[in-house]
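Read through the structure below, which is laid out as structure tokens, and then see the notes.
None of the figures in this text is laboratory data; all of them are computed from the coordinates on show. Owing to the predicted nature of the structure, the values given are computational and were not obtained by experimental measurement. Note that we place each Cβ from the backbone using ideal geometry, even for glycine, and neighbour counts take in every protein chain shown.
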Amino acid sequence: MSAIDEAKSYLGQLAPRISAKDRRVARVIRGLLADREATCTWTDDPEGIWHTDCGEAFEVHAGSPGQNGLRYCCFCGRKLAEGST
Ligand SMILES: [Zn+2]
């Protein structure tokens, strides 16, 4: 189980036993954890331009974004996933 899954599970177990105000805080934290897991898929075109889920384009001269050490989308901050062409 990842650290994020553990945190989500813990917050879920906590929810029935805490005040309404704390439940609101827990909901905000769960939302942030969900955002952390979301991905932005980059797909390359024949010219080697990678088009992102969030509507941007990025040119990689050699290899894929992952092969160049990119783990997060530099435009929206989500975790980067490479799509197939
Ligand atoms: Zn993005």
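What the table shows:
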read-out: Residue-count net charge about Thr43 - beta-carbon cut-off 10 Å; Lys, Arg +1, Asp, Glu -1; value: -4
read-out: Cα-only radius of gyration and Dmax that characterise the chain, units Å; value: 17.6, 56
read-out: Student exercise, the chain dipole from Lys, Arg, Asp, Glu Cβ charges, in Debye to nearest 20; value: 980 debye
read-out: Amide H partners (placed H, <5 Å) of Tyr72, local residues excluded; value: Leu80
read-out: In order through region 39-45: 3J(HN,Hα) via Karplus (6.51 cos²θ - 1.76 cosθ + 1.60), integer Hz, x for Gly, Pro; value: 10, 10, 8, 9, 10, 8, 9
read-out: For the chain, calculated [θ]222 nm from helices alone, where every DSSP H run of n ≥ 4 adds -39500 (n - 2.57); value: -11500 deg cm²/dmol
read-out: Region 39-82: C-alpha gyration tensor shape, a/c 1.5 cut-off, then a/b vs b/c; value: oblate
read-out: Most mobile listed residue (Glu37, Glu56, Glu47) in the chain, GNM with C-alpha springs under 10 Å; value: Glu47
read-out: For region 68-80, 3J(HN,Hα) per residue [Karplus equation, 6.51 cos²θ - 1.76 cosθ + 1.60, θ = phi - 60°, Hz, x = Gly/Pro]; value: 9, x, 7, 10, 10, 5, 7, 9, 10, x, 6, 5, 7
read-out: For the chain, built as a Gaussian network whose Cα springs stay under 10 Å, the top-fluctuating residue of Ala34, Ala20, Ala57; value: Ala20
